[in-house]
Amino acid sequence: MRSLVSILLSLTSVQIMARDYSGHRYYGDGDIGLPNGSEVGTGIIIALVAIPIGYMILNLSNSKDGESNTFVGCLGVIFIGGGIIGLLPLLAWLCAIGNILLGIGLALFVVIGVIGWLTSKKK
């Protein structure tokens, strides 16, 4: 009986949270704040171009006699940094996917733990 009451109370709280203060139903936001596919694709293309160019410029800044040109080396680092910044939309998606997988894993861990606890109590 106690578990039935707790289930019914939790269901009523879910219905209460689904409404806003004016009494209208709240359907949630469609935009979850992640970049769309074109932004991710553009960022990947920028990174695939900028990082190798920056790496080549960085390697060309060192001359054969051991002296290095600091301006050219700095330009190479700027290109590499721009390429890394271009990868940030992809990183946002990867972090969101990782968070979802972590949440699913945590939920499974809790469910398996509760099932294990209940089956060990019966023995």
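Here, each number is a calculation from the coordinates, and none is a lab measurement. Only a predicted model underlies this, so the values are computations on that prediction, with no experimental measurement involved. Every residue, glycine among them, receives a Cβ derived from its backbone with ideal geometry; neighbour counts consider all protein chains shown.
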Each label point is 7 Å from the Cα along the Cα-to-Cβ direction; what then is the distance between the points at Glu39 and Ile85, in nm? 1.5
Relative packing of peptides 51-58, 71-78, 33-40 - highest average C-beta neighbours within 10 Å first: 51-58, 71-78, 33-40
Expected unfolding gain across Leu94-Asn59 under the 0.36 nm per residue rule, minus the alpha-carbon gap, is 9.5 nm
